[in-house]
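Student: Shown below is the structure under consideration.
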Amino acid sequence: MFGEFWVSFPVKDVMKTGEFYESLGFKPDFEHGGKDVGVKFVAGSQGTIVWFYAEKVFEKFARVGIFDAKKSAEVLLSIYVESQEQVDEIANKTFESGGTVFGEPGWAFEWMYGCGIADLDGHRWAILYKDESKMPK
């Protein structure tokens, strides 16, 4: 019944956002966007499409104003990675690329290691690794 799943965000600078997410390992696609429109990434093994649209474009689609993601959060998106080292690497790259690490890498449970990051516009992500061998049965 349903096809692709898209998540869309407003951003102030499409090109800087593209560079930021590319530094974290995402592959940008400007084919249907561009610096004045948006940049698309495909995230996760299920191929979720993540769009970052210029604020004026996003407002046209959403037909409401844009909130300041640096002051409040509407969602927290989570991405699972393959290792504890990848969590640490993404946290470091986030900081180096101008983003914010709002939750330092660490164990949340005996079986889940993660961190919290925010991009240049304040959109929040949880980067998580789960050691399934340690998960409660």
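Student: Looking at the structure I just gave you, is Phe102 within 26 Å of Glu4 (Cα to Cα) and either of a type in the set (Phe, Trp, Tyr) or open to solvent by 40 Å² or more (accessible area, probe 1.4 Å) (or both)?
Tutor: Details: within 26 Å of Glu4 (Cα to Cα): no; either of a type in the set (Phe, Trp, Tyr) or open to solvent by 40 Å² or more (accessible area, probe 1.4 Å) (or both): yes.
Against the criterion (within 26 Å of Glu4 (Cα to Cα) and either of a type in the set (Phe, Trp, Tyr) or open to solvent by 40 Å² or more (accessible area, probe 1.4 Å) (or both)), Phe102 does not qualify.
Student: Give all pairs with beta carbons closer than 6 Å in which a residue from the range 99-113 that is among the hydroxyl-bearing types (Ser, Thr, Tyr) meets a residue that is open to solvent by 50 Å² or more (accessible area, probe 1.4 Å); count only pairs at least 6 apart in sequence or on separate chains.
Tutor: Tyr113/Gln84; Tyr113/Trp107
Student: Out of Ser72, Ser78, which single residue is in a strand (DSSP E or B) and open to solvent by 40 Å² or more (accessible area, probe 1.4 Å)?
Tutor: Values: Ser72 fails: in a strand (DSSP E or B).
Checking each option against the conditions leaves just Ser78.
Student: Moving to a separate point now. Output the residue which, of all residues in the range 43-63 that are at pLDDT 90 or above and exposed (fewer than 13 other Cβ atoms within 10 Å of the Cβ), is farthest from Thr17 (Cα to Cα).
Tutor: For the range 43-63, the residue satisfying everything is Arg63.
Student: Name the pairs whose Cβ atoms lie under 8 Å apart, with the first residue in the range 17-30 and among the aliphatic types (A, V, I, L, M) and surrounded by 14 or more Cβ atoms within 10 Å (Cβ to Cβ), the second at pLDDT 95 or above and not in a helix (DSSP H, G or I), and 6 or more positions between them or separate chains?
Tutor: Pairs found: Leu24/Ser97.
Student: Counting just the residues of the range 1-16 that are outside any loop (DSSP other than H, G, I, E, B) and closer than 18 Å to Val64 by Cβ, which one comes out most open to solvent (accessible area, probe 1.4 Å)?
Tutor: Top of the filtered list is Trp6.
The values are calculated or read from the model by the stated rules, or taken from the named source; none is laboratory data. Given the structure is predicted, the values throughout are model-derived calculations rather than measurements. Cβ atoms come from the backbone with ideal geometry, glycine included; neighbour counts cover every protein chain shown. The accessibility values were calculated without ligands, DNA or RNA, using every heavy atom of the protein model including side chains. Shrake-Rupley method; radii C 1.70, N 1.55, O 1.52, S 1.80 Å.
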